[in-house]
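**Q** Here it is, the structure, as structure tokens.
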Amino acid sequence: MEDQLASPPPDFLRASALRAEACALAAARHAGGRRWDGAPFVLHPLEVAAILANTGASDEVVAAGMLHDVLEKTDAVADELRTRVGNEVTAMVLAVSEDPSIADYAERKRELRGRAAAAGSGALAVLAADKVTKVRELRGQLARGASVDDDARRRLDHYTDALATLRAHVPELPLARQLEFELWALAAMPPRR
């Protein structure tokens, strides 16, 4: 399998065997995947994991952050995750993975937020870190001249609803405050064109 990491992963991902295994699995499973800007897809889960590590999250939460998109975006299955990273990490990844059987976007996202909340603070931290990166990405796109289309509006509604979920379940979570700031910055400081 092609490894998208051109150099060894950052130290925070080598701080434990669990983090290293999650990084290796994510890099292998996301190999060849590209983001909207052409960058390797694995950079997004790396950023989510970095944010979690920087807030002092446990190895399990950092590993779940590294793997949070692997079930949605690749052909990986939960049993593979259980074997490689254990039940706790797999449960968090499952909690933040969309249910593809729900066709309606708003309903699918509502169910996802509810499942993450039911799974507890670790899953909610992963959800928060993911949304922080997504709002930053959206702000960057708008700064480069993208317009706020219907897709961007519905994603923004989901991010705002995710913040409400975080406030209701883990109001003390630093990443909830960070997401609140990111949403504020997006609304209060529109890009100059």
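Read-outs throughout are calculated quantities, based only on the coordinates presented, and are distinct from any laboratory measurement. Bear in mind that the values here come from a model prediction, so they are computed numbers and not experimental data. Because the Cβ atoms are built from the backbone with ideal geometry, glycine has one as well, and the counts that use them run over all protein chains shown.
**Q** Could you tell me whether segment 92-147 comes out rounded, prolate or oblate from its Cα gyration tensor? Rule is a ≥ b ≥ c as square roots of the eigenvalues, rounded for a/c under 1.5, then prolate if a/b exceeds b/c, otherwise oblate.
**A** On the way: a/c = 3.37, a/b = 1.56, b/c = 2.16.
Because a/c hits 1.5 or more and a/b fails to exceed b/c, segment 92-147 counts as oblate.
**Q** Rounded, prolate or oblate for segment 49-147? Axes are the square roots of the Cα gyration tensor eigenvalues, ordered a ≥ b ≥ c, and the cut-off for rounded is a/c under 1.5. Display every interim value, and only then the final one.
**A** Values: a/c = 1.78, a/b = 1.28, b/c = 1.39.
Since a/c reaches 1.5 but b/c is at least a/b, the shape of segment 49-147 is classed as oblate.
**Q** Working from Cα positions, state the angle (0 to 90°, nearest 10) between the long axis of helix 43-54 and the longest principal axis of the chain.
**A** 90 degrees
**Q** Moving on. So if each residue of separation counts as 0.36 nm, and I subtract the Cα-Cα distance between D11 and T160, what length gain in nm does that give?
**A** Details: separation 149, 0.36 × 149 = 53.64 nm, distance 3.26 nm.
Net length gain for the segment: 50.4 nm.
**Q** Further, regarding this structure: When the helices in the chain are scored as -39500 (n - 2.57) per DSSP H run of 4 or longer and the sum is shared across all residues, what 222 nm value do you end up with, to the nearest 500 deg cm²/dmol?
**A** So the calculated ellipticity at 222 nm is -21500 deg cm²/dmol.
**Q** Give me, ordered by chain and number, the residues 5 or more places off R34 or on other chains with an amide H under 5 Å from its own placed amide H.
**A** Under 5 Å from the amide H of R34 lie the amide H atoms of F41, each far enough along the sequence or on another chain.
**Q** Still on this structure: On a C-alpha basis, how far is the centre of segment 53-105 from the centre of segment 114-175 in Å? Whole number, if you could?
**A** 17 Å
**Q** Report the relative contact order of the chain, percent, no decimals, based on alpha-carbon pairs under 8 angstrom and at least 6 residues apart.
**A** Numbers: 233 pairs, mean separation 33.1, N = 193.
Rounded, it is 17 percent for the chain.
**Q** Provide D59, D161, D130 in ascending order of the number of other Cβ atoms located within 10 Å of each residue's Cβ, fewest first.
**A** Working: D59 19, D161 15, D130 25.
Going from least to most buried by this count: D161, D59, D130.
**Q** Right, here's the next one. When T55, T74, T83 are ordered from fewest to most other Cβ atoms inside 10 Å of their Cβ, what list results? Please list the in-between numbers first.
**A** Working: T55 16, T74 19, T83 9.
Taking fewest neighbouring Cβ atoms as first place, the list is T83, T55, T74.
**Q** Quick check: from the Cα gyration tensor, does segment 1-93 come out rounded (a/c under 1.5), prolate or oblate? Working shown, then result.
**A** Working: a/c = 1.55, a/b = 1.15, b/c = 1.35.
Cα axes put segment 1-93 in the oblate bin.
**Q** Can you put S121, S147 in order, fewest other beta carbons within 10 Å first? Intermediate results must be reported in sequence, preceding the final value.
**A** Working: S121 16, S147 7.
Starting with the residue having the fewest Cβ neighbours, the order is S147, S121.
**Q** Continuing with the same structure: Defining a contact as two alpha carbons under 8 Å apart and six or more residues distant in sequence, what relative contact order in percent does segment 113-193 show?
**A** Working: 59 pairs, mean separation 36.1, N = 81.
So the answer I get is 45 percent.
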